[in-house]
Amino acid sequence: MSYLKLISKFFLISIVALLSIAQSYGQDSDNQVISVGANIGNVPWEFQDTKGQLIGFEIDLVHKIASQLGKEVDIVNIPFSGLFSAVQSNRIDIAISSITITDERLKSVSFAQPYYDSDQSLTIRSDSSVKTVDDLRGKIVAVDTGSTGDIWTSENQQKYGFKEIRRYEGITPAVLDLEIGRTDGYISDIPAMQYYTKDKPNLEVIERIKTGGSYSMMFSKHNELAVEVNEVITSLKRAGYINDLHEKWFGTRAEASTSTAKTTAMPGSKEGVILNFVDTFLNKEVLLTTLPMLMLGLKTTIQLGFISIVLGLILGLALALLRLYAPYVVGFLAKAYIDIFRSIPLLVLLIIIFYALPFVGINLSPFYAAATALVIVSGAYTAEIFRAGIEAIPKGQFEASQALGLSYRHMMIDVVLPQAVKIVIPPLTNNSINVIKDTALASVVAMPDLLKQATQAQAIAANPTPLIAAAGIYLALLLPLVLYVSHLEKKYRLREYA
Amino acid sequence: MKTLIKLESVSKHFGNFRALSNINLQVDEGEVLSVIGPSGSGKSTMIRCINLLEQYDSSGSIIVDNKLVKKGKALREVRANIGMVFQNFNLFPHMTILDNVTLAPMRTGGLSDADAKKRAHALLEEVGILDQADKYPDQLSGGQQQRVAIARALAMEPKAMLFDEPTSALDPEMVGEVLNVIKNLADRGVTMIVVTHEMGFARQVSDKVVFMDSGQIVESGTPSEIFDSAKESRTRDFLKSVLSHEAYTNKR
């Protein structure tokens, strides 16, 4: 056990060391180029036109600001929930993506003065019976991971009786599932959804949800650049440029009382502490508040991992036996299955199962879609492991069983498989480790696994501690298995030499 | 006397290689047949055809206890009626000695746990291994393992036993204990075919000796017909080289 502790400690120190290197490395980057992180596809703020050009309200604004500062812009596409750790680790200088200024976020990051006042909105399918948020009782609601919509929906889940909240990384996958009917409503920023549904008659924004909140650009805590950008925004507002952008992208000019037209002070943190390294990456307060979320995620991860491992084992054993002993055609099909599904990336398969199968009438929930993909792939790998194990059993064992008149079934169950199992336990454990790690991919289909929960928690708290905690939990889950495999391999090696 | 095993024009090809060529052979109930001959002469292949561990060519036929040996449902019953002992013992390494012996009677013979154990105890006593019943194969010497393998084959109460070079993988000092067990079975009247290089054993125990070379039966007869007055020069040459070697090792 103390060995385990030592390893965990070593791992933690390594993370901390790597993160500090990343932090200092980011700060040394070229001063003439401003690196801007944006969740591309967030209309009308930052998205691609039909020619693939990046356009949008905030794209125009950030270019204008950079040119005023005499600098160039380099845009990096980052999912919304990833923007927070990206600015904190200085991978990017500025984050844009209609980010709402909140007190919680101001504890860990800085914002320039706001340039847009927003609310949330409810979007539905036009043929839906849902007419207001009240109609969503007992229904499934979609949000963007860690967004203002996510925060509002989570806080009001009890009040409105939402059955389930599905969390997506951006408008496209969220709308896709809304259109298919997997979700009943999508709660997201009103300007984006009004713009997005303009030319989509099957969708309708039916209700403004008054959450208040204003958008601005986000920076790492106490970043000088934030002050410089803030000054430029002041002058741009005075020159009417930002309201020109409003007219360009929304068709009307903003009222004089809004933050689009009026200059305001730079939002300050109520707690003026400078976050040091430990407060940023190993923040105890953030850890304690987000731990229940992480534990929920862990539960899902373990459930998904367990089901996938067990069913994958059964499928793999069946495939291995078919491949080895079935008549030619069946054996060939089994081999084809094994080869194909060992070649397809799991993520691709998962996306096909989740987003493509509904078009042929197979509509799986995120959990079952993820379990199906994991079982299909794990079955293929397990089949190869079993095949190798069975082929390692000496021919004499089969002959002795046959000579005794044992049936095929008893030969396998009593003689061959018990010996094969010993050989295959180390590689099977390795495969199980991979399956559990691969459950993290399920977060792309809005399944609230450990990684997804950690991502959401870090976006809401604007602090990467939940991600570090998730890494620690994965480690605590998998390191014992890894050590067990090493132990078994060593044991079998020793026996061979004995 | 009833004929138990009968091979008629049995041939066997491995691709283009002819391993057996037109074998005709008959073993009566209670008879002990030894098969001798140089390595690669087809001795093992022949007895492996009898329980269909090798599929013989369709031109010939093998009859065991009035039943044709062929693939299909009846094959398991035929196999259960013929015990086989291998050169490399082929015990099940993950089972105790007792479980090795009780497995087939329980799974195929329909014996209860208690009956199978009772039978196993008697057989292990007969081959002198009863005190090792709870050990695993790799804790036993080669000679002991081969005696367990004999008990395992006998546990199905087969009508005949096939021995495929049962002492070839043994250290010299263990050959005797295994041959003694086989000899006791012969004395008890068990029908058997023994592929062997032990000429003294073949001469002493057999009712009939068959000499094979190049996939053919060169000649067969009583032990004294083969060992003292072989008709074929190939038989005489083989015996001369083997016996001079035995004389050399005995002198040493």
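Could you list which residues have their amide H under 5 Å from that of A:Trp45, counting only those 5 or more apart in sequence or on another chain, with H placed in the peptide plane?
Answer set, sorted by chain and number: A:Phe57.
Please arrange A:Leu296, A:Leu428 by accessible surface area, largest first, computed with a 1.4 Å probe and ligands excluded.
The most accessible residue leads, giving A:Leu296, A:Leu428.
Tell me the net charge near A:Leu203. Cut-off is 14 Å between Cβ atoms, A:Leu203 excluded, with +1 for each Lys or Arg and -1 for each Asp or Glu.
Residues near A:Leu203 contribute -4 overall.
Which whole-angstrom value gives the distance between the alpha carbon centres of the range A:302-343 and the range A:121-145?
Centre-to-centre distance over Cα atoms comes out at 41 Å.
So if each residue of separation counts as 0.36 nm, and I subtract the Cα-Cα distance between A:Tyr328 and A:Tyr492, what length gain in nm does that give?
55.5 nm
Please report the accessible area of A:Tyr160 (heavy atoms, 1.4 Å probe, ligands and nucleic acids excluded) in Å², nearest 10.
Accessible area of A:Tyr160: about 40 Å².
Kindly compute the accessible surface that chains B and A hide from a 1.4 Å probe when together, both sides summed, and give it to the nearest 100 Å².
1600 Å²
So what are the ³J(HN,Hα) numbers for the range A:165-173, from phi and the Karplus equation (6.51, -1.76, 1.60; θ = phi - 60°), rounded to whole Hz, Gly and Pro as x?
After applying 6.51 cos²θ - 1.76 cosθ + 1.60, I find 10, 9, 10, 10, 9, x, 5, 4, x Hz.
Over all directions, how big on average is the projection of the convex hull of the alpha-carbon atoms in the range A:285-497, in square nanometres?
14.9 nm²
What is the sum of charges around B:Leu154, taking Lys and Arg as +1, Asp and Glu as -1, for the other residues whose C-beta is under 11 Å from the C-beta of B:Leu154?
With Lys, Arg at +1 and Asp, Glu at -1, the neighbours total +2.
With every protein chain in place, what's the accessible area of A:Glu155 (1.4 Å probe, Å², nearest 10)?
140 Å²
All other residues with a Cβ under 14 Å from the Cβ of B:Leu239 taken together, and with Lys, Arg as +1 and Asp, Glu as -1, what is their net charge?
-3
Relative to the longest principal Cα axis of chain B, at what angle does helix B:172-187 sit, 0 to 90 degrees, rounded to 10?
Helix B:172-187 sits at roughly 90 degrees to that axis.
Accessible area, 1.4 Å probe, largest first: how do A:Leu311, A:Leu317 sort?
Descending order: A:Leu311, A:Leu317.
Sum up the lysine pairs in the range A:285-497 that clear both bars: alpha-carbon distance under 16 Å and a spacing of 8 or more or different chains.
Lysine pairs meeting the criterion: 5.
In percent, what relative contact order does chain B have, based on Cα pairs under 8 Å that are 6 or more apart in sequence?
25 percent
How crowded by other chains is B:102-108, given as the mean number of beta carbons from other chains within 10 Å of each beta carbon?
The mean count of partner-chain Cβ atoms within 10 Å per residue comes to 5.
So what's the angle, to the nearest 10 degrees on a 0 to 90 scale, between helix A:2-27 and the longest Cα principal axis of chain A?
For A:2-27 against chain A, the angle is about 40 degrees.
Taking the alpha-carbon distance from A:Lys139 and a cut-off under 19 Å, which lysines remain once sequence neighbours fewer than 8 residues away in the same chain are dropped?
Cα-Cα hits under 19 Å: A:Lys131, A:Lys159, A:Lys163.
Quick one: compute a quarter of the convex hull surface over the Cα atoms of the range B:123-208 and quote it in nm².
For the range B:123-208, the mean projected area of the Cα convex hull comes to 5.6 nm².
Pairs of alpha-carbon atoms within less than 8 angstrom and 6+ residues apart define the contacts here; what relative contact order does the range A:285-497 have, in percent?
31 percent.
Mind ranking A:Arg91, B:Arg18, B:Arg119 by accessible surface for me, highest first, 1.4 Å probe?
Putting A:Arg91, B:Arg18, B:Arg119 in descending order of accessible area: A:Arg91, B:Arg18, B:Arg119.
List the residues whose amide H sits under 5 Å from the amide H of A:Gly37, counting only those 5 or more places along or on another chain, with H placed 1.01 Å from N in the peptide plane.
Sorted by chain and number, the residues that satisfy this are A:Val76, A:Asp93, A:Ile94, A:Ala95, A:Ile96.
Enumerate the calculated ³J(HN,Hα) couplings along the range A:176-181 in order (Karplus 6.51 cos²θ - 1.76 cosθ + 1.60, θ = phi - 60°), each rounded to whole Hz, writing x wherever the residue is Gly or Pro.
4, 6, 5, 5, 5, x
Show the residues, 5+ positions off or on another chain, whose built amide H is closer than 5 Å to the amide H of A:Glu207.
Here A:Leu122 satisfy the definition.
Which value in nm describes the separation of the simple spin-label points at A:Ile55 and A:Ser235, placed 7 Å from the Cα toward the beta carbon?
In this crude label model, A:Ile55 to A:Ser235 measures out at 2.8 nm.
Starting from the coordinates of the alpha-carbon atoms of chain A, obtain the Kirkwood hydrodynamic radius over all distinct pairs and give the value in Å to one decimal.
Answer for chain A: a Kirkwood hydrodynamic radius of 25.6 Å.
Report Rg(Cα)/(2.2 N^0.38 Å) for the range A:373-497, keeping two decimals.
Dividing the Cα Rg of the range A:373-497 by 2.2 N^0.38 Å gives 1.49.
Below 8 Å between Cα atoms, with a sequence gap of 6+, how large is the relative contact order for the range A:50-146 in percent?
23 percent
Please report the accessible area of A:Glu207 (heavy atoms, 1.4 Å probe, ligands and nucleic acids excluded) in Å², nearest 10.
In the full protein context, A:Glu207 sits at about 60 Å².
Can you pull the one-decimal nm distance between simple spin-label points at A:Leu69 and B:Ser244, each 7 Å off the Cα toward Cβ?
Output for this residue pair reads 10.2 nm.
Go through the range A:60-72 residue by residue and turn each phi into a ³J(HN,Hα) via Karplus (6.51, -1.76, 1.60, θ = phi - 60°); whole Hz please, and just put x for glycine and proline.
Along the range A:60-72, the couplings run 4, 5, 5, 5, 4, 4, 4, 5, 5, 8, x, 10, 9 Hz.
Taking only Cα atoms of chain B, what ratio of Rg to Rh do you get with Rh as the Kirkwood inverse-distance radius?
0.97
Among rounded, prolate and oblate, which fits the range B:1-67 when a ≥ b ≥ c are the square roots of the eigenvalues of its C-alpha gyration tensor, a/c under 1.5 means rounded, and a/b larger than b/c means prolate?
oblate
Estimate the FRET efficiency between A:Leu288 and A:Ile340 by the formula 1/(1 + (r/R0)^6), using the beta-carbon distance for r and 41 Å for R0, to the nearest 0.05.
So the FRET efficiency works out to roughly 0.30.
Considering only protein heavy atoms and a probe of 1.4 Å, how much of the accessible area of the range A:230-362 is carbon and sulfur, as a whole percent?
Answer for the range A:230-362 is 69 percent, counting heavy atoms of protein chains only.
Given that compact globular proteins tend to follow 2.2 N^0.38 Å, what is the ratio of the alpha-carbon Rg of the range A:175-247 to that value?
Rg over 2.2 N^0.38 Å, computed on Cα atoms: 1.55.
Taking the Cβ-Cβ separation of A:Leu478 and A:Arg253 as r and a Förster radius of 51 Å, what is the calculated FRET efficiency to the nearest 0.05?
Computed FRET efficiency for A:Leu478 and A:Arg253: 0.35.
Where does the range A:134-287 land on the Kirkwood hydrodynamic radius, alpha-carbon pairs, in angstrom?
The Cα-based Kirkwood calculation yields 18.5 Å.
The values are calculated or read from the model by the stated rules, or taken from the named source; none is laboratory data. The structure presented is a predicted model; accordingly, all values stated were derived computationally and were not measured. Ideal geometry is used to build each Cβ from the backbone, glycine not excepted, and the neighbour counts take in all protein chains shown. SASA here: full protein model, heavy atoms, side chains in, ligands and nucleic acids out. Shrake-Rupley method; radii C 1.70, N 1.55, O 1.52, S 1.80 Å.
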